[in-house]
C-alpha cells in the first residue's frame with residue numbers, strides 16, 4: 001500500500017493472518033469487535049531499530065473508518081454509563097464528539113493544550129506523547145467546566161493509548177477537577193505498556209482502559225515483524 005492509502009478501508013473478517021505466530025511486513029491488521037480488519041502501517045521506534053508499533057492517525061482516516069471506531073468506542077463507553085465524555089487533544093477530540101453524540105449526550109468537555117488567559121495553572125499538568133519525543137506540553141481544563149465535571153461519572157476518550165504518559169497526566173488533571181473517572185476508551189491500545197505507567201503513577205484510582213482495536217509491540221526478526229512478548 002502507498003502511505004496515503006492506509007486507514008481508508010476496512011477489510012472483511014479473516015482477510016489477514018493474525019494468528020499467534022504470524023509475521024508482518026509493512027502493516028499490522030488490527031481487528032474491530034465485529035471482526036473487520038484495519039491495516040495499520042508499522043512505524044519503527046527510535047533506538048536500535050528493532051522495535052516498532054502499528055500507527056493510527058485518525059484525522060487522516062476515511063470517514064468510514066472513523067465512524068467504525070466511534071461506534072465500537074461508543075459500545076464500550078455505554079457500558080460505563082457516563083454522565084459526560086471528556087476528549088483528549090488533539091486527535092481524541094473528534095472521537096469524543098462522535099462518542100458523546102452516539103450516547104445521546106448534548107455536549108462533551110474538551111481538554112486543551114493552548115493556555116487561555118483565564119486558565120489556572122493548578123488546573124494543568126505536563127504531558128508528553130510518544131509521537132512527539134522531546135516535546136512537552138501542558139494539558140489544561142477550562143475552569144468554567146468544573147461544574148460539569150465535579151462529582152460526575154466521566155469517560156475519557158483518546159485516539160491512542162501507548163506508553164501511558166499522556167493518559168496518566170489526563171487522569172491526574174481530572175482528579176484535581178474532582179471528576180469521577182469511570183473509564184478510558186481509546187480508538188487503539190498500542191501495546192500494553194501503559195499498564196506499568198498507570199500502576200506507577202500517583203493516582204488514587206486507576207480506571208479500566210479499553211480500546212476499539214489493539215496492536216502489540218513488535219520485534220524485528222529476519223523474516224519480518226513479530227509480536228514482542230514484552231508488550
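Laboratory data are not the source of any read-out in this text; all were calculated from the coordinates shown. What you see is a predicted model; the values in this text were computed from it and never measured. No Cβ is skipped: glycine too gets one built from the backbone with ideal geometry, and neighbour counts run over all protein chains shown.
From helices alone, the chain scores -6500 deg cm²/dmol at 222 nm; the rule is -39500 (n - 2.57) for each run of n ≥ 4 DSSP H residues, then divide by the residue total. Comparing 32, 45, 189 in a Gaussian network model of the chain (Cα springs below 10 Å), the most mobile by mean-square fluctuation is 45. Using a ≥ b ≥ c from the Cα gyration tensor of region 175-231 (square roots of the eigenvalues), is it rounded, prolate or oblate, where a/c under 1.5 gives rounded and otherwise the larger of a/b and b/c decides, a/b for prolate? Prolate. Residues 144, 138, 43, 125 in ascending order of nearby Cβ atoms (within 10 Å, fewest first): 144, 43, 138, 125. When the chain is treated as a Gaussian network with alpha carbon springs shorter than 10 Å, the biggest mean-square fluctuation among 155, 53, 65 belongs to 65. If a/c stays under 1.5 just call it rounded; otherwise compare a/b with b/c (prolate if a/b is bigger, oblate if not). Do that for region 18-85, with a ≥ b ≥ c from the square roots of the Cα gyration tensor eigenvalues. Judged from the Cα gyration tensor, region 18-85 comes out prolate (a/c at least 1.5, a/b above b/c).
Rounded if a/c is under 1.5, else prolate if a/b beats b/c, else oblate: with a ≥ b ≥ c from the C-alpha gyration tensor eigenvalues square-rooted, which is region 107-231? Prolate shape, in that a/c is at least 1.5 and a/b is the bigger ratio.
Placing a pseudo-label 7 Å from each Cα along the Cα-to-Cβ vector at residue 34 and residue 115 gives an inter-label distance of 4.5 nm. Each Cα pair under 8 Å and six or more residues apart adds its sequence gap; the mean of these over the residue count of region 3-227 is a relative contact order of 21 percent. Centre-to-centre separation between the Cα atoms of region 150-178 and those of region 1-80: 23 Å.
Counting only DSSP beta bridges with both residues in the chain, the antiparallel share comes to about 50 percent. Convex hull volume of the Cα atoms of region 142-200, normalised per residue: 78 Å³.
Using a simple spin-label model with pseudo-atoms 7 Å out from Cα toward Cβ, residue 67 and residue 146 lie 4.1 nm apart. DSSP bridge analysis restricted to region 73-163 gives an antiparallel fraction near 50%, rounded to the nearest 5.
Sorting 154, 185 by the number of Cβ atoms found within 10 Å of their own Cβ, with the fewest placed first, yields 154, 185. Site pair residue 48 and residue 26 shows an inter-label distance of 2.7 nm when each label is modelled 7 Å from Cα along Cα→Cβ.
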